[in-house]
2 protein chains.
Amino acid sequence: MKNISVFCPATIANISCGFDVLGVALESVGDEMIIRKVDQKGIRITKLTGQDLPIETHMNVAGVAGLALLAESDYEGGFEIEIHKKIKAGSGIGSSAASSTGAVWAMNELLGRPFSKLQLVKFAMEGERLASGVAHADNVAPALFGGFTLVRSYHPLDIVAIPSPPQLWATVIHPQIEIRTSDSRKILKTNITLADGIKQWGNLGGLVAGLFTEDYDLIGRSLIDHIVEPIRSILIPGFDKVKSVSLEAGALGCGISGSGPSIFAFSKGEETAKKVAGAMKEVYKKIGIDYDVHVSKVNVDGVRAL
Amino acid sequence: MKNISVFCPATIANISCGFDVLGVALESVGDEMIIRKVDQKGIRITKLTGQDLPIETHMNVAGVAGLALLAESDYEGGFEIEIHKKIKAGSGIGSSAASSTGAVWAMNELLGRPFSKLQLVKFAMEGERLASGVAHADNVAPALFGGFTLVRSYHPLDIVAIPSPPQLWATVIHPQIEIRTSDSRKILKTNITLADGIKQWGNLGGLVAGLFTEDYDLIGRSLIDHIVEPIRSILIPGFDKVKSVSLEAGALGCGISGSGPSIFAFSKGEETAKKVAGAMKEVYKKIGIDYDVHVSKVNVDGVRAL
């Protein structure tokens, strides 16, 4: 096999009580990429459509992730990468993670799978380091594994795959405003109260249990964030309203996707997820902010060949 | 049915990363009680063996829990309670919770089960309020439900039952020193760092996932407490040594039971759990502190009729 086309899913990270540890992959939103094995050493981005992003290898997240893989490989040739961005950069649904993950997953396939999934996560994290200054794994892990993933620990890196109940759907609205990841990290407090911490890990335990037992009500009751959402939501105009109309429309829970500005809601079933999308749209129509909306099943397989 | 004999299991609360939310019931350590339905209104403690504890109804945790149940019941008679304590008060393995839980579970049986398990937890929590000043649920819930239980939330009270893998065994050593619950709570800091919080909820998510998937290694990797153990363990002589010898003997993880002074370890299989017990004993023999040791399977059914 000399080349491969892949679909790399968008992802929601920082899922409410799972700040910095829990992410999930989406089925119907993602980048498409074509990766070719070539004799010439190194990585070249040969085409990039859909977004205005750097194509120099060292400036591109897929390029950097690919170089991290090559550095650990005994393969003597190189790769060409075509990237067709469908996920907007800066939207908060793992745009950079999709490209990084797609690149290293495809290369591993073309090389006969010399690397484990955990190793691929580490390579893709180098793309995240380029994109945001921090080599985080909470978008990369679900993009690669599919379903929900928990980053239990970074030192050593420990990724735990968590199943997704069959009827779980996500609605994501992306209001077209810009929030820099660095800004949304800066406003977080360094300290939290122990009391809030206890609530947070109680809810995360409940969420993980709900995902295993397919208990949609428990999932909904656990989708609470006492720590980050009250602070970060201030940066997202209309957040409180979007959340309240989503819950009224039947969503199980609603929160900030990644570091925003996208807002996600989970629902049981496609019908409710679409109803939630309709309710979310109305909020930004009234405020007068442009938006994109995605309604998607949870992707359970992660990045895949097309 | 006019009377019932019950076994009420000892419990480990504050399981490492599950501080204030996660507990587990033990199979081979627990109180025995006999509860009789009588015409005379109110609750009387007619016998109390094994420990020097108050038998006045309002001063006894089983009495207070029983009164809480009676107050919500339309039953016009009363109950007599015999308590045979096998769990030492102040040991940190849910002595008061066992008596409170046993009393209200037995009364509910004798009355034809008018109350849900969640309501019984609330009644038993009144016993905890008497014992420690705080109506906590993290020992009561596992004593009643069996296995592992998560107290996801107190307002409203939300208890999540979590399965226990079949080969999970606990070893508990109780060094005969006194730590008052109020003291061990006082030394906790009101604030924690967000970074430590993230590690804690990452580990709790991993622990819950490991319990569902029967992944003993993951359970072991997740049994880490960055927040409470480093502070509270200072109050328990020999803690660090007990922990290190337990892990060397093959334990999956080790931590403080409740607010101490008991120390628990989880192991895969009885043989390892016994080996851990041997290693723990040696530490206190050398220090010269008396101790009790329990080796027990996880109790999966909670309080039961004998």
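For this structure, a couple of remarks:
- Net +/- balance of residues flanking A:Gly220 in space, Cβ distance below 14 Å, scoring K and R +1, D and E -1: -2
- For chain B, with +1 on Lys and Arg beta carbons and -1 on Asp and Glu, the positive-most of B:Val151, B:Thr171, B:Val208 along the dipole: B:Thr171
- A simple packing score, the average count of other Cβ atoms within 10 Å per residue, orders the peptides B:276-285, A:218-227 as A:218-227, B:276-285, with the highest score first.
- With the helix formula -39500 (n - 2.57) applied to DSSP H stretches of n ≥ 4, chain B reaches a computed 222 nm mean residue ellipticity of -11500 deg cm²/dmol.
- Rounded to the nearest Hz, the phi-derived 3J(HN,Hα) couplings of segment A:298-305 under the Karplus curve 6.51 cos²θ - 1.76 cosθ + 1.60 (θ = phi - 60°) are 6, 7, 9, 10, x, 3, 8, 6, where x marks glycine and proline.
- Set A:Lys243/B:Lys189; B:Lys86/B:Lys186; A:Lys241/B:Lys199; B:Lys122/B:Lys297; A:Lys199/B:Lys199; B:Lys85/B:Lys297 screened for pairs whose C-alpha atoms are more than 23 Å apart: A:Lys243/B:Lys189; B:Lys86/B:Lys186; A:Lys241/B:Lys199; B:Lys122/B:Lys297
- Cα-based shape type of segment A:168-297, given that a ≥ b ≥ c are square roots of the gyration tensor eigenvalues and the cut on a/c is 1.5: oblate
- Cα centroid of segment A:251-306 to Cα centroid of segment B:230-269, whole Å: 45
- When each of the peptides B:80-90, A:83-93 is scored by the mean number of other C-beta atoms lying within 10 Å of its residues, the order from highest to lowest reads A:83-93, B:80-90.
- Two-site FRET efficiency, B:Asp217 against B:Ser28, from Cβ-Cβ distance with R₀ of 35 Å, rounded to 0.05: 0.85
- Inter-part distance where segment B:54-99 and segment B:101-180 are each reduced to a Cα centre, Å: 13
- Summed residue charge, Cβ within 12 Å of A:Ser28's Cβ, Lys/Arg positive, Asp/Glu negative: 0
- Cβ neighbours within 10 Å from other chains - mean over B:209-219: 3
- When each of the peptides A:245-256, A:108-119 is scored by how many other beta carbons lie within 10 Å of its residues on average, the order from highest to lowest is A:245-256, A:108-119.
- Remark: mean inter-chain Cβ contacts per residue of A:146-158 equal 4, using a 10 Å Cβ-Cβ cutoff to other protein chain atoms.
- In the protein assembly as shown, the DSSP beta bridges split such that about 85 percent are antiparallel, to the nearest 5.
- Computed over neighbours whose Cβ is under 9 Å from that of A:Glu82, the net charge equals 0, Lys and Arg +1, Asp and Glu -1.
- Annotation for A:Met1, label-to-label distances across the other copies: 6.1 nm (shortest first, one decimal, point 7 Å from Cα along Cα→Cβ).
- Point-charge dipole on Cβ atoms (K/R +1, D/E -1) for chain B, about Cα centre, debye to 20: 300
- Exercise: per-residue mean of other protein chain Cβ atoms within 10 Å, A:184-195: 4
- Estimated FRET transfer efficiency (B:Gln119, B:Lys286; beta-carbon r; R0 60 Å; 0.05): 0.80
Only the coordinates and a few stated rules stand behind these numbers; no lab work does. Everything numeric here is computed off the predicted structure, so don't read it as measured data. All Cβ positions, even for glycine, are placed from backbone atoms using ideal geometry, and neighbour counts span all protein chains on display.
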